[in-house]
């Protein structure tokens with residue numbers, strides 16, 4: 001799974017290799033600094049951890065990024081989905097799964113599609129949402145390895161905590177075939193799985209093809225509509 005930072009580095013290297021004058025150099029440096037700043041701002045969100053239980057939001061989103069993605073929200077589906085939901089709800093907390101979840105590549109090959117520490121971190125966040133704001137609907141989403149993180153976490157939640165999880169959206173679900181297109185121990189009608197026809201990870205493999213990087217439209221349109229309906233129905 002390609003790193004956004006790696007791609008950006010290649011682009012910067014290409015720019016630096018071109019013969020340009022001093023003014024263009026200065027513009028390029030300023031532009032790169034702005035891109036890096038924007039990337040960092042979009043890549044991490046910690047509204048749940050920093051939010052007060054005395055000022056609970058309309059809804060809470062917990063998101064797990066894909067392997068090698070930056071921050072705790074990533075640089076693809078996560079920020080796109082978060083922005084779409086923020087247009088739907090004026091007061092929503094966005095929380096990425098970070099800390100012990102390093103989004104490393106090797107954990108994809110474990111039986112659960114991720115490691116135990118990452119699953120436990122997601123479970124901790126679901127528990128935190130319930131303890132801080134027990135009456136607030138929670139929705140979850142993940143991309144690539146992040147689908148395994150949130151999927152296993154939701155399946156292992158206590159009944160009380162899981163009952164507040166109104167819906168889940170999974171982009172490029174790495175356990176789609178193994179789990180028959182659903183999250184174990186969780187209602188199928190509360191789960192939306194987005195799998196491109198040519199995305200091999202949805203068919204029980206870990207071959208990464210170009211289709212695995214094509215979930216921007218789903219994160220911008222279908223998924224936020226689904227999660228918004230689930231929030232309003234809860």
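Which residue out of 151, 167 is at pLDDT 95 or above, part of a helix (DSSP H, G or I) and in contact with a strand residue (DSSP E or B) (Cβ under 8 Å, 6 or more places away or on another chain)? Break it down into steps so the answer makes sense when it comes.
Numbers: 167 fails: part of a helix (DSSP H, G or I).
Checking each option against the conditions leaves just 151.
In the stretch 170-197, how many are in a helix (DSSP H, G or I) and within 17 Å of residue 219 (Cα to Cα)? Break it down into steps so the answer makes sense when it comes.
First pass over the stretch 170-197, keeping only residues in a helix (DSSP H, G or I): 188-190.
Next, from what is left, pick out any that are within 17 Å of residue 219 (Cα to Cα): 190.
Final tally of qualifying residues: 1.
Residues in the stretch 218-234 that are closer than 16 Å to residue 172 by Cα and either in a loop (DSSP other than H, G, I, E, B) or not assigned by TED's automatic domain parsing to the domain that holds residue 61 (or both): 221 only.
Within the set 164, 124, 116, the sole residue that is touching a helix residue (DSSP H, G or I) at 6+ places or on another chain (Cβ under 6 Å) and surrounded by fewer than 20 Cβ atoms within 10 Å (Cβ to Cβ) turns out to be 164.
Whenever a residue of the stretch 182-196 is surrounded by fewer than 19 Cβ atoms within 10 Å (Cβ to Cβ), its partners that are modelled with pLDDT of 95 or more and part of a loop (DSSP other than H, G, I, E, B), lying with C-beta atoms within less than 6 angstrom and at least six residues away or across chains, give the pairs 188/182; 196/214.
Could you please let me know if residue 106 is out of contact with any helix residue (DSSP H, G or I) (no Cβ under 7 Å at 6 or more places or on another chain) and either surrounded by fewer than 23 Cβ atoms within 10 Å (Cβ to Cβ) or over 18 Å from residue 221 (Cα atoms) (or both)? It would help to see each step written out before you state the result.
Details: out of contact with any helix residue (DSSP H, G or I) (no Cβ under 7 Å at 6 or more places or on another chain): yes; either surrounded by fewer than 23 Cβ atoms within 10 Å (Cβ to Cβ) or over 18 Å from residue 221 (Cα atoms) (or both): yes.
Yes; evaluated as a whole, the condition is true for this residue.
What are the residues in the stretch 76-114 that are modelled with pLDDT under 95 and either within 15 Å of the chain's Cα centre (by Cα) or closer than 13 Å to residue 148 by Cβ (or both), if any?
Initial filter on the stretch 76-114 (modelled with pLDDT under 95): 76, 90.
Within the stretch 76-114, just 76 meets the criteria.
Inspect all residues belonging to the stretch 132-143 and state whether any of them is within 23 Å of residue 234 (Cα to Cα), in the same structural domain as residue 159 (by TED's automatic domain parsing), free of Cβ contacts under 8 Å to residues at least 60 places away in the same chain and part of a loop (DSSP other than H, G, I, E, B). There is at least one residue in the stretch 132-143 that is within 23 Å of residue 234 (Cα to Cα), in the same structural domain as residue 159 (by TED's automatic domain parsing), free of Cβ contacts under 8 Å to residues at least 60 places away in the same chain and part of a loop (DSSP other than H, G, I, E, B).
If I filter the stretch 198-217 for residues that are in contact (Cβ under 8 Å) with a residue 60 or more places away in the chain, over 21 Å from residue 79 (Cα atoms) and in a helix (DSSP H, G or I), do I get at least one hit? Scanning the stretch 198-217, I find no residue that is in contact (Cβ under 8 Å) with a residue 60 or more places away in the chain, over 21 Å from residue 79 (Cα atoms) and in a helix (DSSP H, G or I), so the answer is no.
The values are calculated or read from the model by the stated rules, or taken from the named source; none is laboratory data. Computed from a prediction, not measured in an experiment: that's the story for all the values here. Using ideal geometry, Cβ is built from the backbone for each residue, glycine included, and neighbour counts are taken over all protein chains shown.
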